[in-house]
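The values are calculated or read from the model by the stated rules, or taken from the named source; none is laboratory data. Just so we're clear, the structure is a prediction, and the values are computed from it rather than from any experiment. Using ideal geometry, Cβ is built from the backbone for each residue, glycine included, and neighbour counts are taken over all protein chains shown. Accessible surface is based on the protein model in full, side chains and every heavy atom, while ligands, DNA and RNA are left aside. Shrake-Rupley method; radii C 1.70, N 1.55, O 1.52, S 1.80 Å.
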Amino acid sequence: MAKSKISKGEKAILDMGYNISLPVNLNILLTQSERDVLNIIRHRINVKHPHISMSLFSLMTGLSEGTIRRARDSLLDMGIIEASEEGISIGKAYKVKYDI
């Protein structure tokens, strides 16, 4: 059986961190706003900019800061993400716990 090849264009998109794959079981576990916040965190990590401010979350998701905080706090409570304790001017740095 031949291995499926990733086209040059798709590989370039993946290498730049612009394509976010999402396990289908997260559709059951997470709300839409939680998935949106998680996707932004994953994207920012993939492009080597893990710090995200509330205003950037809002800009990138179209969600209100209150909705973002609830979604982020839920992801933290579930152990899916971790956030740096220091809140610097460019926002907190996030880490996705893929083993969860």
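Here are the numbers for this structure:
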| quantity | calculated |
| --- | --- |
| Pairs with Cβ under 7 Å, 6+ apart, first in the range 28-50 and under 11 Å from Val96 (Cα atoms) and at pLDDT 90 or above, second among the aromatic types (Phe, Trp, Tyr) and not in a helix (DSSP H, G or I) | Ile41/Tyr94 |
| Filtered residue count, the range 37-49, keeping only those that are in a helix (DSSP H, G or I) and open to solvent by 40 Å² or more (accessible area, probe 1.4 Å) | 4 |
| Residue count, the range 82-99 (criterion: in contact with a Leu (Cβ under 9 Å, 6 or more places away or on another chain), open to solvent by 60 Å² or more (accessible area, probe 1.4 Å) and not aliphatic (A, V, I, L, M)) | 1 |
| Qualifying residue in the range 63-81 (condition: modelled with pLDDT under 90 and open to solvent by less than 50 Å² (accessible area, probe 1.4 Å)) | no |
| The range 50-100, subset part of a loop (DSSP other than H, G, I, E, B) and β-branched (Val, Ile, Thr), residue farthest from Leu26 (Cα to Cα) | Ile90 |
